Amino acid sequence: MLCYDKIAAPGRKLAILIDPEKLSIPAIISTVFSANETGVDLVLVGGSLVSAKIDSVIEVIKNNCRIPVVLFPGSIMQLSNKADALLLLSLVSGRNPDYLIGNHVLAAPYIRRSNIEVIPTGYILVDGGNVTSVEYVSNTRPIPADKTDLVVATAMASEMMGQKLIYLEAGSGALKHIPANVVAEVKQNISIPLMVGGGINTYDKARLLLDAGADMIVVGTAIEQNLSKLGQIAKAVAKY
Ligand code: 1GP
């Protein structure tokens with residue numbers, strides 16, 4: 001099954017984010033075991049800094065679980081042909097051409113040769129109450145969280161331009177997750193799947209955003225800090 005079909009399948013889904021620079025290999029193995037037990041649907045791998053060990057991290061993950069592994073690259077230095085799929089992120093909330101198309105041009109021949117499944121993704125950064133790595137590194141401004149109309153229009157434009165997935169991002173470690181009303185409005189105005197991440201660190205927040213219409217939520221920092229949180233958050237995704 002293609003990773004995209006998994007994301008687009010009906011029902012609530014949970015992805016975890018593993019940043020190779022933030023977790024040791026033993027910690028990654030523990031995380032993956034826990035992900036297996038809690039029914040995690042997808043493992044995203046990526047981060048803001050260059051990781052020399054991205055290939056080996058993906059191999060470790062794949063050797064310890066059967067959950068699809070999807071690249072979530074912070075830069076072209078985080079590509080790998082070991083993963084099952086690639087979120088080809090276009091940072092459509094920003095106006096930095098490198099993150100809209102420039103890096104994609106540089107990476108396209110490598111991506112084509114690697115034969116990896118490509119998922120074109122409209123990546124929308126919304127203000128989460130603090131300056132996150134993605135804002136700083138991409139040198140773009142997030143959309144203010146109360147400008148729901150701008151977030152919705154950005155998501156609509158992404159779909160019209162051919163993106164197959166929308167990722168609403170408050171940024172890793174965001175103080176405030178994407179507001180539920182923003183998730184709901186975006187969901188009502190697009191027909192492609194919706195992923196939501198950034199600052200989701202409790203069952204209640206996960207539940208709120210899934211109830212609002214997120215097809216898949218992404219959790220990173222919470223489980224980096226306390227792996228036992230994964231079980232709690234996963235309950236919000238329990239298949240009804
Ligand atoms: C970051 O959306 C992901 O790109 C996950 O965010 O680390 O805050 O869970 P957190």
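The values are calculated or read from the model by the stated rules, or taken from the named source; none is laboratory data. Computed from a predicted model, the values in this text were never measured in an experiment. As a convention, Cβ positions derive from the backbone with ideal geometry for all residues, glycine included, and neighbour counts pool all protein chains shown. Areas reflect the complete protein model, heavy atoms only, side chains present, ligands, DNA and RNA absent. Shrake-Rupley method; radii C 1.70, N 1.55, O 1.52, S 1.80 Å.
Below, the figures for the structure above:
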{"quantity": "Selection count, the range 142-167, where residues are part of a loop (DSSP other than H, G, I, E, B), more than 14 Å from the ligand (Cβ to nearest atom) and open to solvent by less than 40 Å² (accessible area, probe 1.4 Å)", "calculated": "3"}
{"quantity": "Selection count where residues are surrounded by fewer than 24 Cβ atoms within 10 Å (Cβ to Cβ) and within 10 Å of the ligand (Cβ to nearest atom), scope the range 209-222", "calculated": "3"}
{"quantity": "Subset of the range 168-205 [in a loop (DSSP other than H, G, I, E, B), more than 9 Å from the ligand (Cβ to nearest atom) and open to solvent by 30 Å² or more (accessible area, probe 1.4 Å)]", "calculated": "L175, K176, P179, S191, T202"}
{"quantity": "Subset tally (residues that are open to solvent by less than 20 Å² (accessible area, probe 1.4 Å) and either within 15 Å of the ligand (Cβ to nearest atom) or free of Cβ contacts under 8 Å to residues at least 12 places away in the same chain (or both)) for the range 52-71", "calculated": "2"}
{"quantity": "Members of the range 130-141 found to be open to solvent by less than 40 Å² (accessible area, probe 1.4 Å) and either away from the ligand (no atom under 14 Å from the Cβ) or in a loop (DSSP other than H, G, I, E, B) (or both), listed by number", "calculated": "T132, T140"}
{"quantity": "Test set (1) within 15 Å of the ligand (Cβ to nearest atom); (2) part of a helix (DSSP H, G or I) - V32 fails condition number", "calculated": "(1)"}
{"quantity": "Subset tally (residues that are aliphatic (A, V, I, L, M), farther than 22 Å from G46 by Cα and out of contact with any Asp or Glu (no Cβ under 6 Å at 6 or more places or on another chain)) for the range 121-175", "calculated": "9"}
{"quantity": "Count of the range 99-128 residues which are in a loop (DSSP other than H, G, I, E, B) and open to solvent by less than 40 Å² (accessible area, probe 1.4 Å)", "calculated": "2"}
{"quantity": "Subset of the range 223-234 (residues that are within 15 Å of the ligand (Cβ to nearest atom) and either out of contact with any helix residue (DSSP H, G or I) (no Cβ under 7 Å at 6 or more places or on another chain) or within 21 Å of L125 (Cβ to Cβ) (or both))", "calculated": "E224, Q225, N226"}
{"quantity": "All positions within the range 83-98 that are open to solvent by 40 Å² or more (accessible area, probe 1.4 Å) and more than 19 Å from L165 (Cα to Cα)", "calculated": "R95, P97, D98"}
